[in-house]
Amino acid sequence: MAFIQVEHVSKSYKLPTGNLSILHDLSFEIEAGEFVTITGPSGCGKTTLLALLGALDQPDSGTILVDGHSVHALGAVRAADYRRETIGFVFQLFYLLPNLSALENVMAPLLPYRRMLGFDLRKRAQELLEQVGLASRMGHTPARLSGGEQQRVAIARALINQPKVLLADEPTGNLDPETGREILELLREQQRQGKQTLVMVTHDHEIADIADRTLSLLKLVKAE
């Protein structure tokens with residue numbers, strides 16, 4: 001059985017003019033530990049697909065299984081548990097909390113569960129920041145970090161829960177080409193070390209070329 005199974009998934013959004021169909025009867029599988037990129041034109045549903053895999057949204061129909069669990073059928077509480085225990089998110093816009101230091105930003109997702117963890121949260125956050133090359137910047141707030149450094153913090157934050165799956169939405173999209181390559185190499189290195197399954201949305205064909213496999217979505221947007 002594949003680690004990620006998407007079977008006949010469809011998703012649309014309600015608009016004043018009718019339903020906007022984004023994904024239609026989509027099926028694919030991803031093996032554990034694979035690096036898969038998702039490409040396609042703007043509006044084809046790439047980010048929507050990541051949201052479905054991360055249980056941030058639900059499909060209209062179809063089945064989504066991750067590690068044998070029905071992600072599409074989770075209620076709000078169980079979906080939050082699934083994201084905390086299984087998923088790491090890396091976004092294009094970083095989404096760091098401006099008043100927190102780099103170290104505090106990395107710790108933030110698990111702070112409410114600190115007493116339940118089987119590891120020292122602060123120590124793990126420090127180790128991750130060291131691994132991404134920010135040992136000397138842990139006390140800096142986002143405003144004192146470059147774009148590349150902020151994305152490194154975001155990668156460390158995504159790894160803090162030791163996720164089985166990394167979902168990355170254009171993680172190099174706001175960076176210059178050289179910094180983007182450095183971030184990609186870092187993300188790939190961290191994914192290999194942690195043996196995570198990496199699913200990345202990208203418009204960059206060079207990134208797609210180094211992935212294990214690429215899924216190309218067609219644009220299907222129509223009002224019904």
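The values are calculated or read from the model by the stated rules, or taken from the named source; none is laboratory data. Computed from a prediction, not measured in an experiment: that's the story for all the values here. Note that each Cβ is placed from the backbone with ideal geometry, even for glycine, and that neighbours are counted across all protein chains shown.
Before moving on, here are some points about what is shown:
- Residue identified as under 15 Å from the mean Cα position of the chain (by Cα), surrounded by fewer than 19 Cβ atoms within 10 Å (Cβ to Cβ) and of a type outside the set (Phe, Trp, Tyr) among Ala80, Ala108: Ala80
- Here Arg144 meets the list (1) in contact with a Leu (Cβ under 9 Å, 6 or more places away or on another chain); (2) more than 30 Å from Cys44 (Cβ to Cβ); (3) of a type in the set (Lys, Arg) almost entirely, failing just condition (1).
Yes/no matrix, rows are residues, columns are (1) closer than 26 Å to Thr202 by Cβ; (2) free of Cβ contacts under 8 Å to residues at least 40 places away in the same chain:
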| position | (1), (2) |
| --- | --- |
| Gly88 | yes, no |
| Phe94 | yes, no |
| Asn99 | no, no |
| Glu104 | no, yes |
| Arg122 | no, yes |
| His140 | no, yes |
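- The listed residue being in contact with a Phe, Trp or Tyr (Cβ under 6 Å, 6 or more places away or on another chain) and at positive phi, out of Ala55, Ala32: Ala55
- Against the criterion of being under 19 Å from Val201 (Cβ atoms) and aliphatic (A, V, I, L, M), Val132 does not qualify.
- Thr141 being at pLDDT below 90, touching a Ser or Thr at 6+ places or on another chain (Cβ under 9 Å), of a type in the set (Val, Ile, Thr) and farther than 30 Å from Ser10 by Cα: no
- Boolean, Leu23 is assigned to a strand (DSSP E or B) and under 25 Å from Gln190 (Cα atoms): no
- Residues of region 21-39 satisfying the condition of being surrounded by 17 or more Cβ atoms within 10 Å (Cβ to Cβ) and under 17 Å from Lys11 (Cβ atoms): Ser21, Ile22, Leu23, His24, Leu26, Ile38
- All conditions in (1) touching a residue at least 40 places away in the same chain (Cβ under 8 Å); (2) within 16 Å of the chain's Cα centre (by Cα); (3) surrounded by fewer than 17 Cβ atoms within 10 Å (Cβ to Cβ) hold for Gly45, with the sole exception of (3).
- Considering residues of region 48-103 that are among the β-branched types (Val, Ile, Thr) and in a strand (DSSP E or B) only, the residue farthest from Ile183 (Cα to Cα): Thr63
- Complete set of residues in region 176-208 that are free of Cβ contacts under 8 Å to residues at least 40 places away in the same chain and within 19 Å of Ser42 (Cα to Cα): Asp204, Glu206
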